[in-house]
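Right, one structure below, let's go through it.
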Amino acid sequence: MARIKLTDDLKKAISGLSPTQKDKLLYRLIAGNPPLAHKLIFELLEGGNTQDDRRAVAAAEITNALADHKAHYHSPGILLLLLRDLSGVINRHVSTTRDKYGEVELNLLLLNEAFELFGDKIRPVNYQRSHTFNQYVVKRALKLLTLIEKMHEDMRLDFKTDLKKLGKHIATQPTTMMVAKDLALDVNWLLKPGD
């Protein structure tokens with residue numbers, strides 16, 4: 001979130017406003033910045049106590065969107081568009097709540113659900129048609145590994161099962177494995193995290 005540096009003149013002008021005028025000014029500033037509004041609602045009105053509830057809502061949105069897409073699957077490229085939209089759901093959740101644990105959990109959910117629902121449809125697609133999708137998945141997996149490395153060891157254990165699941169999904173997709181090798185993703189680390 002960008003910080004605004006107040007000049008002395010601006011500070012004097014604001015301090016001269018009545019509480020009602022300050023509220024109106026604050027409302028006008030917030031109305032033009034929805035992410036800031038969501039963050040303030042989370043921190044001030046909810047007291048930061050709804051992080052788990054918000055994570056569950058984001059997880060349900062991801063699961064439902066992927067399940068709805070199953071009947072309308074067309075190609076890895078179209079699936080990639082959906083994954084990018086759902087990544088936006090995760091990013092909004094993280095920017096509002098600063099939930100680093102949720103960021104990893106939701107991204108693992110996104111990738112694992114996508115492979116569980118669409119892995120059989122992606123597998124026969126040739127390298128060229130699935131390259132962008134595979135690149136996205138592998139780069140997202142690399143980002144997850146970076147995030148997990150920064151976490152406390154106890155928290156890493158929570159993701160062990162999901163990491164193994166993701167490793168198996170990637171290992172069973174020949175074109176995804178090719179991209180993983182190109183981008184230096186150690187799939188064995190996914191299959192045996194913390195061992």
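The values are calculated or read from the model by the stated rules, or taken from the named source; none is laboratory data. What you are looking at is a predicted structure, and each value in this text was computed from that prediction instead of being measured. No Cβ is skipped: glycine too gets one built from the backbone with ideal geometry, and neighbour counts run over all protein chains shown.
Quick notes
- Lone qualifier among 171, 114, 141, 180 - being without any contact (Cβ under 8 Å) to a residue 24 or more places away in the chain and among the hydrophobic types (A, V, I, L, M, F, W, C): 171
- Number of positions in the stretch 70-89 that are touching a residue at least 40 places away in the same chain (Cβ under 8 Å) and crowded, with 16+ Cβ neighbours inside 10 Å: 5
- Output for the stretch 95-105, where each listed residue is in contact (Cβ under 8 Å) with a residue 24 or more places away in the chain and closer than 19 Å to residue 152 by Cβ: 97, 99, 100, 101, 102, 103, 104, 105
- Restricting 184, 114 to residues that are of a type in the set (Gly, Ala, Ser) and exposed (fewer than 15 other Cβ atoms within 10 Å of the Cβ) narrows the list to 184.
- So residue 135, is it free of Cβ contacts under 8 Å to residues at least 24 places away in the same chain and either closer than 17 Å to residue 165 by Cβ or surrounded by fewer than 20 Cβ atoms within 10 Å (Cβ to Cβ) (or both): no
- Helices (runs of 4 or more DSSP H) enclosed by the stretch 98-180 - at least 2 residues per element that are not assigned by TED's automatic domain parsing to the domain that holds residue 87: none
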